[in-house]
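Below is one structure, written out as structure tokens; the observations come after it.
The values are calculated or read from the model by the stated rules, or taken from the named source; none is laboratory data. Computed from a prediction, not measured in an experiment: that's the story for all the values here. As a convention, Cβ positions derive from the backbone with ideal geometry for all residues, glycine included, and neighbour counts pool all protein chains shown.
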Amino acid sequence: MDNKKTSLGGRLASSEAFLSVAASLICIVIGLLLGVIVLAIINAEHAIGDGLLVILQSGIKSPRNMGTVLANAAPLIMTGLSVGFAFKTGLFNIGAAGQYTLGAFGALYCAIVLQLPWYLCLLAAMVLGAIWGAIPGFFKAYMNINEVITSIMFNWIGLYMVNDIMYGKGQSPMYDLATTKTYSLRKVAQDAMIPSCGMSDHFGKLQSVTIAIFIAILFAVIVYVVLNKTTFGYELKACGFNKNAAQYAGINDKRNIILSMTIAGALAGVGAGLYYLSTVAEWNPQVSTALPAIGFNGISAALLACSNPIGTIFSSLFISYITVGGTKLSTQYYTKEIADVITALIIYLCAFSMLFRSKIRALLAGKTRRTGLGKGGND
Amino acid sequence: MFLLLKYTLLYTVVLMMVALGGMFSERSGIINIALEGIMVIGGLIGVIAIQLMPAGSSAAAIVICSVLAAAVAGMLYAALLAFASINLGADQTIGGTALNMLATALAMVIAKGFNGSASAKLEYSNRPFVYEIGPLTVNVFLFIGIVILILSYIVLYKTRLGLRLRACGEHPQAADSVGINVYKMRYIGVLISGALGGIGGMAYIIPSVSSWNFEVGVSGAGFLALAVMIFGQWKPFRICFAAVFFALFKSLANIASSIPAMAALGWTQNMYNMIPFIASMIILAFTSKKSRAPKAEGIPYDKGSR
């Protein structure tokens, strides 16, 4: 019995998947604990009952809340996949926010101005996101400029450009003067809305619950298969591990850098499509002086999942879950940004996840070695 | 015209200080993408410090105390980056990104807590910081900025500390072999960037308006400073020049609509805001072959590796 347990420990210690999950869980637990401390500093009396428990329970309290979690998780999965895919190929796509912005423009333009059906709008979002991802890839491949810098620049260029077009000095066909946002698809372009297929009935008639979540999961599976089961994915990853070795093996590294940034951009673009075509919200071109948060939260989702596409589904659901929990905090005691603080703390801790991994491994392997010695004596 | 000059000076000082901060960090070998977050925290603490000063304090006391508070807050926040990237060897870009996200969220929580309301808007008096010289309005940060620029040059190129700092950014193994403590040098680099970033955040927020909504953070000024740093090729006086260029366009974005000749052009605010970013991309594309980026930046230093 004892032997079986330790051999399990040994096997776990060498299982990368287990170590990743364990390290991420540690990040989450420590992050939540630090969150409780923040809550306690603001208002010690209510930290647990009106703070932590609200954040942790609200997401499943009502069908409507569950619907909100799903509606927000779908785009987050896509930006998470975008960042994670780039990570796997050795690139840091901090430009997901910009690609997402372009995707939002593509989706909304096709929906409101061209009155296209939703799948074509989604395709437009994908193409525009892909273009905005390809640019940093091109700069990286042919001019050796770090993709982080280029992505940051193009985030802002994209944001200003999209805002300018969507607002168009108040004359743009997309801009609704009454709401100071883009026109609501529910009113002007119902064909462009992603179908709900009866989903919203199960989630308290929340209209923004659509099949978007399934589309996102489908993309996660596709990305997983491409990365792990195809030669193409292998080549992309090889470039990420060691560019020179990949080149030596006859892989076209320049082409691959551009391709992986393009795919990452396309994924982020789809994310925006899923968000705006599900009518979770409308774009506000006048106040948007900040880049869309979902783009940056994608970094969180990817890191928490160690860039694993399937893991990204769960990490996105989790982040969406505690964000919704944060909005349900009683404003009497706390503000909803506490959830953002907790997410950000978790990501900061994720930067240490390598350290956590090696600690867990040492802990598990240490046990095995000790009992392993005893076993050796018996033999 | 004076309005243009006023805004250009204001933004030049901000971008230059923050970019100089980034320069110190990167010359020591640590990529500091958290400048945006550091600015937010520095600005927030600076604003709170002004409010907490007892009524009737002299202008000089208010300026000195609040600027010091902003600098210290920036340093403490930057220490989080230093700890993650120097002690634990974490990925510097990821750590910096996390700190950027944390800063905006934390600033809102603190601002709302400080206000005791659901608004993250803090109000303050910027009277002690602003002076009228003839028809021109200047703020105290202009002088601080000039001093910092000169000091930066001297520290980086004329002192032992500067030489050692630069060595750690170019070839930390070589620096270590002659007895330089790489970890300590990198800490110094990051902490200086924290102090300058903190003051820069305050300089961005305080002089032009008398209330600030922390929901918007510092709306990308930190990233702009990052671009200024690259544009300035990690060298103090070039950074100053780059800051003027960027600031000019940022000011044009603010005032274009109020100048008839420019309003006639029909350019929107967004277009002016876009230009510095596009310009720096073009410059980057042309200069990338002879880029003077510190060679060892972004690579965690591990004593054991060869």
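The number of residues in the stretch A:232-284 that are of a type in the set (Ser, Thr, Tyr), over 19 Å from A:Ala302 (Cα atoms) and assigned to a helix (DSSP H, G or I) comes to 3.
A count restricted to the stretch A:81-101 and to residues that are within 14 Å of chain B (Cβ to nearest Cβ), buried (at least 24 other Cβ atoms within 10 Å of the Cβ) and not hydroxyl-bearing (Ser, Thr, Tyr) stands at 10.
Residue by residue, here is whether (1) crowded, with 24+ Cβ neighbours inside 10 Å; (2) within 9 Å of chain A (Cβ to nearest Cβ) holds:
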{"site": "B:Leu80", "(1), (2)": "no, yes"}
{"site": "B:Thr104", "(1), (2)": "yes, yes"}
{"site": "B:Asn126", "(1), (2)": "no, no"}
{"site": "B:Val130", "(1), (2)": "no, no"}
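In the stretch B:239-258, the condition of being closer than 30 Å to B:Ile110 by Cβ and basic (Lys, Arg) is met by at least one residue.
Looking only at the stretch A:19-33, decide whether some residue is modelled with pLDDT of 75 or more and part of a loop (DSSP other than H, G, I, E, B). No; the residues of the stretch A:19-33 include none that is modelled with pLDDT of 75 or more and part of a loop (DSSP other than H, G, I, E, B). Put simply, of A:Gly311, A:Gly273, A:Gly298, A:Gly269 the only residue that is at pLDDT 85 or above and within 14 Å of chain B (Cβ to nearest Cβ) is A:Gly298. When the stretch B:80-131 is filtered for residues that are polar (S, T, N, Q) and touching a residue at least 24 places away in the same chain (Cβ under 8 Å), the ones remaining, listed by number, are B:Ser85, B:Asn87, B:Gln92, B:Thr93, B:Thr97, B:Asn100, B:Thr104, B:Ser119, B:Ser125, B:Asn126.
Count of the stretch B:106-119 residues, restricted to those that are more than 7 Å from chain A (Cβ to nearest Cβ) and modelled with pLDDT of 80 or more, is 5.
In summary, helices (runs of 4 or more DSSP H) completely within the stretch B:13-119 and bearing 3 or more residues that are out of contact with any Ser or Thr (no Cβ under 7 Å at 6 or more places or on another chain) and closer than 14 Å to B:Ala225 by Cβ occur at B:35-52. Does A:Ala305 satisfy the criteria of being within 17 Å of the chain's Cα centre (by Cα), at pLDDT 85 or above, in the same structural domain as A:Met174 (by TED's automatic domain parsing) and not charged (D, E, K, R)? It is true that A:Ala305 is within 17 Å of the chain's Cα centre (by Cα), at pLDDT 85 or above, in the same structural domain as A:Met174 (by TED's automatic domain parsing) and not charged (D, E, K, R). Against the condition outside the structural domain of A:Ser24 (by TED's automatic domain parsing) and closer than 17 Å to B:Ala98 by Cβ, how does A:Ile313 come out, does it pass? For A:Ile313, the condition - outside the structural domain of A:Ser24 (by TED's automatic domain parsing) and closer than 17 Å to B:Ala98 by Cβ - is not met.
The test for being buried (at least 24 other Cβ atoms within 10 Å of the Cβ), in contact with a helix residue (DSSP H, G or I) (Cβ under 9 Å, 6 or more places away or on another chain), of a type in the set (A, V, I, L, M, F, W, C) and in contact (Cβ under 8 Å) with a residue 12 or more places away in the chain holds for B:Ile205.
Counting only helices (runs of 4 or more DSSP H) that sit wholly inside the stretch B:214-269, those with at least 2 residues that are within 14 Å of the chain's Cα centre (by Cα), within 13 Å of chain A (Cβ to nearest Cβ) and closer than 25 Å to B:Arg166 by Cβ are B:221-231. There is at least one residue in the stretch A:192-207 that is part of a helix (DSSP H, G or I), assigned by TED's automatic domain parsing to the domain that holds A:Tyr142 and closer than 28 Å to A:Gly133 by Cα. Considered as a group, the residues in the stretch A:292-319 that are small (Gly, Ala, Ser) and touching a Ser or Thr at 6+ places or on another chain (Cβ under 8 Å) include one that is nearest to A:Asn228 (Cα to Cα), and that residue is A:Gly311.
Just so you know, in the stretch A:149-191 the residues that are within 14 Å of another protein chain (Cβ to nearest Cβ) and assigned to a loop (DSSP other than H, G, I, E, B) include one that is nearest to the chain's Cα centre (by Cα), and it is A:Ser172. Taking first residues from the stretch A:265-288 that are assigned by TED's automatic domain parsing to the domain that holds A:Gln115 and partners that are among the acidic types (Asp, Glu), the Cβ contacts under 9 Å between residues at least 6 apart in sequence or on separate chains come to A:Tyr276/A:Glu282; A:Glu282/A:Asp176; A:Pro285/A:Asp164.
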